[in-house]
Amino acid sequence: MKNSMWSGRFESQSSELLQVFNASLTFDKLLYKQDIQGSIAHANMLCHCAIISEAEKDAMIKGLKQIEAEIEARNFSFDIKDEDIHMAIEKRLSALIGAEIGGKLHTARSRNDQVVTDFKLFAKEQNQLLQNLLKELIETLLTHAKTHKTTIMPSFTHLQHAQPISFSFWILSYAFMFMRDIKRLKASFELADFSPLGSCACAGTSYKTDRTMSANLLGFKDIMPNAMDGVSDRDFALDLLYNIAVIFMHTSRLCEELILFSSAEFDFIQISDAYSTGSSIMPQKKNPDVCELIRGKTGRAYGNLIALLTTMKALPLAYNKDMQEDKEGLFDSVKNATQSLIILNAMLKEISIKKENMLKACQKGHLLATDLADFLVREKNIPFRKAHFIVGEVVAKADKMGLDLSELSNLHELEPLFDEVNAKRLLNFENSLNAKQSEGSSAVKSVEKQIKILENFLKGDKVA
């Protein structure tokens, strides 16, 4: 038996090897909802334009809804010979309402515009899902930020102790990364919000259709103005893959620090037993597997982006079968991003913060050195480079004594430019934290302002 879809042109049956190699049904069946949604909108448009009758439209929609119910009840038989989800649904529709009516549904469209419409609808839905998950994650970070505005910890540059900050200030830095991720997703959603349905194979159709109507029915803002671009465009998929790659980059950095901070060497936080695993041989082990898996999945997200960029880089217009490679990577990235954000958020809700250990860690690495240099510049009118040198000498003397700057009781003796009263004030971590006056600093007032910015963003207020 010949392949029913293109048997008019071909004289012999397709090879079974080709049928399997060519088919996308094994993965694009995930798009069944979007395909049915698009077909219902297309049927309504065809009826509106008097291309099919009201009765034909009603039969199509009833049949499509029955197919959706069958798929969701797992009563639908997927056959690899149908090649893709579009043909599988069309074949079943014709069986339900007859080939004469079922065959009319494909009037004024092609699989080329049908597949990209389904894929765009999916991408838009996943975009909004990721936005919501990121908002939930920011809310969790804000809960910690509000609690730990004066929980002092060391900051690091080059993974070396730098200056004292608060745990709130540290965790807010990630909240702002995720805020940018949401903004990036919003921007790409806007770019994707144009319907390709009705572009047909590549040049449009000779039927007088209403593409704006079908676009509106599907929730698109407008139509793709050029049919060839409409069927060829995969920018929306690349944008989502890029956004997910950046999200994973941010979550991976956060997870890397959580791994470090939960280690015996740092011991700043404790990850709940519910989100940790043990060792098959070492009874004492408690491993941060959630963080490690998220960090590991980042490479897959990068790979999926590069794969589609590579696929698209030299394709001539319009549609090419290479584009069938657009979905599996996106499906994979979306699934992993969704799962990762959900479990990361759940894990962060239950982490314990070890305030005493964080404060104790501040007594290493001379975190207050910059405060001393700033004092000399501000109060003694000494050029910063000279002040930097003077404080460097004090640090060297403290090292020889086996003490941190914060432990010095004789700073004024080591360097007479610091009198005893000022020395006591300067060698205080909380004072250092709140001495910062620049916008975006670690001072409590600045942190409170940062929290407000994020709260307003989550409420939908304009954020600078």
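Each value in this text was obtained by applying a stated rule to the coordinates, not by laboratory testing. For clarity, every value in this text was computed on a predicted model and none was experimentally measured. Methodologically, a virtual Cβ is constructed for each residue, glycine included, from the backbone with ideal geometry; neighbour enumeration extends over all protein chains shown.
Points worth noting:
- Equivalent ellipsoid semi-axes - Cα gyration tensor, segment 112-360, angstrom: 44, 18, 14
- Packing, as the average of other Cβ atoms within 10 Å across residues, places the peptides 114-123, 317-326, 38-47 in the order 114-123, 38-47, 317-326, highest first.
- Packing, as the average of other Cβ atoms within 10 Å across residues, places the peptides 346-357, 287-298 in the order 287-298, 346-357, highest first.
- Sequentially through segment 302-317, phi angles give Karplus couplings (6.51, -1.76, 1.60; θ = phi - 60°) of 4, x, 5, 5, 4, 4, 6, 4, 5, 4, 7, 5, 9, 7, x, 6 Hz, Gly and Pro residues having no value and appearing as x.
- For segment 16-107, pairs of C-alpha atoms spaced more than 19 angstrom apart make up 38 percent of the total.
- Extreme residue, positive dipole direction of the chain, given options Ala227, Leu64, Ser352 (C-beta unit charges): Ser352
- Residue exposure sequence - Arg253, Arg234 - by fewest surrounding Cβ within 10 Å: Arg253, Arg234
- Placing +1 on the Cβ of every Lys and Arg and -1 on the Cβ of every Asp and Glu, with nothing else charged, gives segment 359-464 a dipole about its Cα centre of roughly 360 debye.
- Kirkwood estimate for segment 118-222, i.e. one over the average of 1/r between Cα atoms, Å: 17.2
- Taking Met153, Met87 and counting other C-beta atoms within 10 Å, the order from fewest to most: Met87, Met153
- Sequentially through segment 29-41, phi angles give Karplus couplings (6.51, -1.76, 1.60; θ = phi - 60°) of 5, 4, 8, 4, 4, 5, 5, 5, 4, x, 5, 5, 5 Hz, Gly and Pro residues having no value and appearing as x.
- In the chain, Rg over Rh equals 1.15, where Rg is the alpha-carbon radius of gyration and Rh the Kirkwood radius from pairwise Cα distances.
- Entry note, the chain: the mean residue ellipticity at 222 nm calculated from DSSP H runs of n ≥ 4, each adding -39500 (n - 2.57), is -20000 deg cm²/dmol after division by the residues and rounding to the nearest 500.
- For the chain, size of Cβ-based charge dipole, Lys and Arg +1, Asp and Glu -1, in debye: 540
- Taking one quarter of the surface of the C-alpha convex hull of segment 369-454 gives a mean projected area of 6.1 nm².
- When each of Lys285/Lys360; Lys57/Lys186; Lys335/Lys449; Lys183/Lys321; Lys65/Lys135 is checked by Cα-Cα distance, pairs over 28 Å: Lys57/Lys186; Lys335/Lys449; Lys183/Lys321; Lys65/Lys135
- For Met153, residues with placed amide H under 5 Å, excluding near neighbours: Ile165, Ser166, Phe167
- Computed from phi, the 3J(HN,Hα) profile of segment 78-92 under the Karplus parametrisation 6.51, -1.76, 1.60 (θ = phi - 60°) reads 8, 10, 4, 5, 6, 6, 9, 5, 5, 6, 5, 5, 4, 5, 5 Hz, with x in place of Gly and Pro.
- Between the amide H of Ala443 and those of Lys436, distances stay under 5 Å, these residues lying 5 or more places away or on another chain, with hydrogens modeled in the peptide plane.
- Among the cysteines of the chain, those with no neighbouring cysteine Cβ under 4.7 Å are Cys47, Cys49, Cys200, Cys202, Cys362.
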